[in-house]
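Please read the structure below before turning to the comments.
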Amino acid sequence: MTHKKQHYLLNRAEEACMLLKEHLDQDHVVRVISHNDADGISAAGVICNAISQEGGKFHVTMVPRLNEETLDRLSQEKYELFFFCDMGSGYVERIGRLKGQAIIADHHQTMDSTGDDEETLVHVNPHLFGLDGTRDVSASGVTYLTVKPLNKVNLTGLALVGAFGDMQYADGFSGVNQTILTEATEAGVVEEHEDLKISSKDEPLYKALAHTFQPAIPGISGNPEKSQTFLEKIGISYGIKFTDLANEEKDFLTEHLTRINPKIFGSIYSMPQETPALRNLEDYALILDACGKNKNYAVGLSICLGERKSAITEGVEFLSKYRESLIRGIRWISREGSQEMDYVQYLYTEDKENKKIMGTLASLGIELEILNSQKPVITLSRMHNLVKISGRTTLEMTQKGVNLGFALEQASKSFNGAGGGHNIAAGAVVPYKELENFKNLVNDIVSTQVS
Ligand code: C5P
Ligand code: C5P
């Protein structure tokens, strides 16, 4: 059954590829619009690399999200083909009215039309075929499917980087991600081996452990002091580098860390041909994520497009800054806690640095067992007259019926805002003056979802 669904998705992607090819053959510049997070940057990387490899040209813009204003701007543009990555499924009709034809390569659930009646566009989204766009394929994966008929197996690694960026890896890949992984390993583009998943092996151990967020190590990630105490307690010098440990010490440390979080030891996926900083797909995704969080999307995209010098240095610096902000943020939530309602909990901030990382802090708050995992975490970042919202919950809560994408979409629309996303992770924007009403409504909606 799932196989059949993937087949339908592939057919749709092939249709998109034919449209892309038609335009490339006519030497049209492809207008690419993508999301500014790790998955969106990887997706833009996939399509832009594919276009270049075919000898074509593109004009790319990264945006935080698609809205009426961006679409108004795009409707003035006279391109023959628009290519939307990681967005667009919520605006199918509007996109159908653009001056050129369009391809939408998205993986978000949507309440909008399917686009089947639109003659000027091809809509590729796993949800249209009953597949899961939250776990089984990311935007970079969907985008990869649209160029796969052009023999782009070299882009399978980047297609999986986006899946890591969107946290779709959970003890393995599933669905379309797994299909892409199989293709990648068979072609030798990606290799798999088992290893300890700590942030670095050539930094003092206490730092390497405190900087490990994927997977999170409760009591240690984000907390250099506790990381030192942990190492002292098990009798390993905290300043030593992992690479300098004796083999028995490495095993001993691994054993202790595995007791805290078994996911700390597992499969590592790497691109053997890549430069060391980007070789591990999860590290690659983290660097792109850090570029996104620092609002330096161009650096992230340059990395994806093959810039191997200054862009990587910059990306690595952003990552180290990002990790420091996470440590500060984790301290903040450990100190302040959340504001709990009956069915959800809130984190409110006006702090400039925290605002950039609220979604990640919500996830980490749950994973590090600082916040109650039984209530979705809704973060609220004040931006002048608006509040930017990020919601995160667990697989367990989604299995109980929680769907944050629908909850935030419905609640924000009731107060002149906009929102959406996935069941497990979603976002919205609402006017600040409606904040209290919005908070109550989200609590009410989630209460109906779990009952
Ligand atoms: O826009 P988009 O769909 O790409 O973003 C999904 C967001 O959801 C990412 O920020 C990703 O990190 C987050 N996510 C999460 N936990 C999951 C799955 C996704 O926090 N289990
Ligand atoms: O911004 P954040 O990382 O919290 O977004 C989580 C998910 O919610 C993403 O998939 C994003 O595309 C979606 N979202 C949305 N509308 C918004 C904000 C976020 O669909 N206004």
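Counting only residues that are more than 22 Å from the chain's Cα centre (by Cα) and within 11 Å of ligand 2 (Cβ to nearest atom), give me the helices (runs of 4 or more DSSP H) lying completely in segment 395-451 with at least 1 of them.
Numbers: elements: 395-399, 404-414, 435-450.
In segment 395-451, 404-414 are the helices (runs of 4 or more DSSP H) which contain 1 or more residues that are more than 22 Å from the chain's Cα centre (by Cα) and within 11 Å of ligand 2 (Cβ to nearest atom).
Hey, which of the helices (runs of 4 or more DSSP H) in segment 59-174, taking only ones fully inside, have at least 3 residues that are in contact (Cβ under 8 Å) with a residue 12 or more places away in the chain and in contact with a Cys (Cβ under 6 Å, 6 or more places away or on another chain)? Outline the logic, then answer.
Values: elements: 68-75, 92-96, 139-147, 156-165.
Of the helices (runs of 4 or more DSSP H) lying wholly inside segment 59-174, those with at least 3 residues that are in contact (Cβ under 8 Å) with a residue 12 or more places away in the chain and in contact with a Cys (Cβ under 6 Å, 6 or more places away or on another chain) span 139-147.
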> So which residues in segment 106-158 are of a type in the set (A, V, I, L, M) and within 14 Å of ligand 2 (Cβ to nearest atom)?
Replying inline: Met111, Val137, Ala139, Val142
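Each row is one residue, and each column tells you yes or no for (1) surrounded by fewer than 16 Cβ atoms within 10 Å (Cβ to Cβ); (2) in contact with a strand residue (DSSP E or B) (Cβ under 7 Å, 6 or more places away or on another chain); (3) not hydroxyl-bearing (Ser, Thr, Tyr).
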residue: Ser138; (1), (2), (3): no, no, no
residue: Lys148; (1), (2), (3): no, no, yes
residue: Asn151; (1), (2), (3): yes, no, yes
residue: Ala159; (1), (2), (3): no, no, yes
residue: Gly162; (1), (2), (3): no, no, yes
residue: Asp166; (1), (2), (3): no, no, yes
residue: Asp171; (1), (2), (3): yes, no, yes
residue: Ala184; (1), (2), (3): no, no, yes
residue: Val190; (1), (2), (3): no, yes, yes
> Pick from segment 195-211 the residues that are over 18 Å from Asp251 (Cβ atoms) and outside any helix (DSSP H, G or I): which of them is farthest from the chain's Cα centre (by Cα)?
Replying inline: Pro204
>> Looking for something farther than 21 Å from Met167 by Cα, in contact (Cβ under 8 Å) with a residue 24 or more places away in the chain and not small (Gly, Ala, Ser) - is there at least one such residue anywhere in segment 352-374?
In response: yes
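Take the conditions in the same structural domain as Ile217 (by the TED database), surrounded by fewer than 23 Cβ atoms within 10 Å (Cβ to Cβ), under 19 Å from Lys207 (Cα atoms) and polar (S, T, N, Q) and apply them to Ser310. Does it pass? Outline the logic, then answer.
Working: in the same structural domain as Ile217 (by the TED database): yes; surrounded by fewer than 23 Cβ atoms within 10 Å (Cβ to Cβ): yes; under 19 Å from Lys207 (Cα atoms): no; polar (S, T, N, Q): yes.
So Ser310 fails the test.
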> Across segment 259-295, what is the total count of residues that are crowded, with 18+ Cβ neighbours inside 10 Å and either among the aliphatic types (A, V, I, L, M) or over 19 Å from Asp195 (Cβ atoms) (or both)?
Replying inline: 14
> Which is under 25 Å from the mean Cα position of the chain (by Cα), at pLDDT 95 or above and in the same structural domain as Gly175 (by the TED database), of Ser52, Ser89?
Replying inline: Ser52
> Can we say Gly96 is crowded, with 19+ Cβ neighbours inside 10 Å and either within 16 Å of ligand 1 (Cβ to nearest atom) or over 19 Å from the mean Cα position of the chain (by Cα) (or both)?
Replying inline: no
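The values are calculated or read from the model by the stated rules, or taken from the named source; none is laboratory data. As the structure is a prediction and not an experimental result, all values here were calculated from the model. We place every Cβ from the backbone using ideal geometry, glycine too, and count neighbours over all the protein chains shown.
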